[in-house]
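The values are calculated or read from the model by the stated rules, or taken from the named source; none is laboratory data. The shown structure was predicted, so the numbers you read here are calculated from the model rather than taken from an experiment. Each accessible area value is taken on the protein alone, full model and side chains, heavy atoms only, with ligands, DNA and RNA left out. Shrake-Rupley method; radii C 1.70, N 1.55, O 1.52, S 1.80 Å.
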Amino acid sequence: MATFRLQGSKVLAVSMTGDAVKAKNGSMVAYDGQMAFKKMSGGGEGLRGMVTRRLTGEQMEVMEVRGQGTCWFADRASEINLVGLHGDKLWVEASNLLCTDAGLRTGTTFTGLRGGATGNGLFTTTVEGTGQAAIMSDGPAVVLRVTPQYPLQVDPGAYIAHQGNLQQHFQSGVTFRTFTGEGGGEAFQIRFEGDGLVYVQPSERNTVGGDV
């Protein structure tokens, strides 16, 4: 299995000994040793995955990198966060996924709640299995714990990913800026209940209704 390590907070170094990783297309910035690069259709899921992504709007251009040596990845100076999976599942916005172990399964799942996020539709990307994934954030990500006693409300523009036994609910009619008198356009937020982790970034995407 490839070895993931961060060099600073914005560059991911992956050491390989004949194994492979899947990475965002075009994110390789340097490598040493012998590496082979292959573009994968539909996030590496073949025709079915490619069609699903076109229908759902989850855009994910992926390349497979295989070889002996070290490969370095980065994307627009984004902060990088490592997530270890141990037979569990990670839900992540496609635009925030940088790199995964090749053995991790990627897919698309219906969430039914983030219809206002530009290009993300009502679906999100899943990463499942045992291995490591690298996710990106605009600024240092914060990992927030959700427990049955303490549900969490999240601005959809700041949401990156989540893992654990969590239920998601779409709530319309209110946004964080409503409380400060700066609200405008479509107002909504995501409510997480259960037991798990939510990753948020200190920056907001534009949504259909403007900045959330």
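Across the protein chains, with a 1.4 Å probe defining accessible surface, the residues His162, His169, His86 rank His86, His169, His162 from largest area downward.
For Ser172, the solvent-accessible surface computed with a 1.4 Å probe is close to 90 Å², ligands and nucleic acids excluded. Residue separation of Arg145 and Met1 scaled by 0.36 nm, minus their Cα-Cα distance, works out to 49.0 nm of gained length.
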